[in-house]
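So the structure is just underneath, and the comments pick up after that.
The values are calculated or read from the model by the stated rules, or taken from the named source; none is laboratory data. Computed from a predicted structure; not experimentally measured. Don't worry about glycine lacking a Cβ; one is built from the backbone with ideal geometry, like all the others, and counts go over all protein chains shown. Ligands, DNA and RNA are stripped out before the accessible areas are found, and what is left, the full protein with its side chains, is counted by its heavy atoms. Shrake-Rupley method; radii C 1.70, N 1.55, O 1.52, S 1.80 Å.
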Amino acid sequence: MKVIITKDYNEMSEKAFEIMAEVVKNKPDAVLGLATGSTPIGLYKNMIKDHNENGTSYKAVKTVNLDEYAGLDVTSDQSYVYFMRDNLFNHIDIDLANTNIENGKAADRKAECARYNALLETIQQDIQVLGIGSNGHIAFNEPGTPFGSVTHIVDLTESTIKDNSRLFKSIDEVPRQAFTMGLKNIMNAKKILILANGANKAKAVFGLVKGEVTENVPASILQLHPDCTLVCDEAAAELIR
Ligand code: GLP
């Protein structure tokens, strides 16, 4: 794994943007695997700025998102589909028809997982952006998720519900279940770009980079990926220096 340590969040977001820009420049019809959470917002801001200033086009790009809360759709401002439109898609020239995410409101959840897995078999991510949960989760693959997992429904752990409650009016509003790409779907990406900032990620970053490769720390599987780059700030890198 390649590790790039930056002084702060802004520098992390700039480095992440450089890596993303290279992919889109070399392949204008690239498949971008995207993530939600506060971590990649700076990367998305840089993509928007570059689109406005330099005209980088996303017209031919396709996207696949990692995960979505069960029970929420674009009408909820807490849904990940809303997040992606609000933080990126509405500000670049991407065709929304080329963007993909699990349908949180699907009546048949099993069928929705099967649909998403079938889609992922037809479009391989040229790059997959990831954040990391404080317990070492990636997407919504909580500790204990099998490395061979594909898109599935998960019961969120108390720690993830608590972490994510800061974005909701109250903890009771955080959905208890979510759809998530599995670890196998994530590992299938040609390139992985994982981002982390802040001291509360330091333990998870240690597990990601230096810990034992174990299903108890889902992010540790990335040690086995042939092209994975971690970009993190100094605070998140505290235990790996
Ligand atoms: C959620 C998302 C993850 C994300 C994590 C960290 O659980 N499902 O994809 O990486 O939160 O979020 P943040 O970047 O806000 O710390």
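Would you work out the charge dipole size for region 88-152 about its Cα centre, treating the Cβ of every Lys and Arg as +1 and the Cβ of every Asp and Glu as -1, and quote it to the nearest 20 debye? Please report the intermediate quantities before stating the final value.
Working: 4 positive and 8 negative charges, 53 e Å.
In total the dipole reaches around 260 debye.
Let a ≥ b ≥ c be the square roots of the eigenvalues of the Cα gyration tensor of region 171-220; is it rounded (a/c under 1.5), or, if not, prolate (a/b larger than b/c) or oblate?
Details: a/c = 1.77, a/b = 1.18, b/c = 1.51.
Oblate, since a/c reaches 1.5 and b/c is not below a/b.
Using a 1.4 angstrom probe, figure out how much accessible area region 93-142 has per residue, in square angstrom, rounded to the nearest whole.
40
Towards the positive end of the charge dipole of region 139-241, with charges on Cβ (+1 Lys, Arg; -1 Asp, Glu), say which of 145, 157, 226 has the farthest Cα.
About the Cα centre, the residue reaching furthest to the positive side is 226.
Out of all DSSP beta bridges with both ends in region 102-241, state the antiparallel percent to the nearest 5.
Among the beta bridges of region 102-241, antiparallel pairing accounts for roughly 40 percent.
Going by average Cβ density within 10 Å per residue, which order do the peptides 162-168, 191-197 take, highest to lowest?
191-197, 162-168
With every protein chain left in place, what is the accessible area per residue of region 156-241 in square angstrom, probe 1.4 Å? Write out the running numbers ahead of the final one.
On the way: 3940 Å² over 86 residues.
About 46 Å² of surface per residue is accessible.
Please give the per residue volume of the convex hull enclosing the alpha carbon atoms of region 98-161, rounded to a whole number of Å³.
120
How much length is gained if the chain between residue 168 and residue 123 is pulled fully straight, taking 0.36 nm per residue apart and subtracting their Cα-Cα distance, in nm to one decimal?
Using 0.36 nm per residue and subtracting the Cα-Cα distance, I get 12.9 nm.
Among 185, 197, 175, whose Cα projects farthest towards the positive end of the dipole of region 73-210, with charges put on the beta-carbon of Lys, Arg (+1) and Asp, Glu (-1)?
197
Which percent of the accessible area of region 108-241 is formed by carbon and sulfur heavy atoms (probe 1.4 angstrom)?
The nonpolar share, carbon plus sulfur, comes to 52 percent.
Considering region 5-135, what Rg and Dmax in Å follow from its alpha-carbon atoms?
Rg, Dmax (Cα atoms, Å): 14.8, 45.
Hey, got the dipole for region 1-85? About the Cα centre, +1 on K and R Cβ, -1 on D and E Cβ, debye to the nearest 20?
Around 240 debye, computed over region 1-85.
What fraction of the DSSP beta bridges in the chain is antiparallel, stated in percent and rounded to the nearest 5?
If we restrict to bridges inside the chain, about 30 percent are antiparallel.
If you take every residue apart from residue 27 with its C-beta less than 12 Å away from the C-beta of residue 27, what net charge results, scoring Lys and Arg +1 and Asp and Glu -1? Before the final figure, lay out the partial values.
Numbers: positive: 25, 62, 190, 191; negative: 22, 29, 126.
Summing Lys/Arg as +1 and Asp/Glu as -1 gives +1.
Add -39500 (n - 2.57) for each DSSP H run of 4 or more in the chain, then divide by its residues: what number comes out at 222 nm, to the nearest 500 deg cm²/dmol?
After summing the helix terms and dividing by residue count, I get -9000 deg cm²/dmol.
With label points built 7 Å along Cα→Cβ from the Cα atoms of residue 4 and residue 214, find their separation and express it in nm.
3.1
List the GluC sites (Glu not before Pro) within region 150-232 that DSSP assigns to loop and that have no more than 11 neighbouring Cβ atoms inside 10 Å. Could you put the intermediate results ahead of the total?
Numbers: sites: 158, 173, 212, 215; in loops: 212, 215.
The qualifying sites are 212.
Using a simple charge model, +1 on the beta-carbon of Lys and Arg, -1 on the beta-carbon of Asp and Glu, nothing else, what dipole does the chain show about its Cα centre, in debye to the nearest 20?
280
What is the percent of Cα-Cα separations in the chain that go past 24 Å? Let's see the in-between values first.
Working: 11875 of 28920 pairs.
More than 24 Å apart: 41 percent of the Cα pairs in the chain.
Could you please report the charge total around residue 220, scoring K, R as +1 and D, E as -1 over all other residues with beta-carbon less than 11 angstrom from its beta-carbon?
Computed value for this residue: -1.
Normalised by the empirical 2.2 N^0.38 Å for globular proteins, what value does the Cα Rg of region 27-75 take? Walk me through the numbers before you get to the answer.
Numbers: Rg = 12.9 Å, N = 49, 2.2 N^0.38 = 9.7 Å.
Relative to the rule-of-thumb radius for its length, region 27-75 sits at 1.33.
From the cross-link list 49/105; 7/201; 162/201; 2/184; 25/191; 27/190, which pairs have alpha carbons spaced over 24 Å apart?
In this structure, 49/105 exceed 24 Å between Cα atoms.
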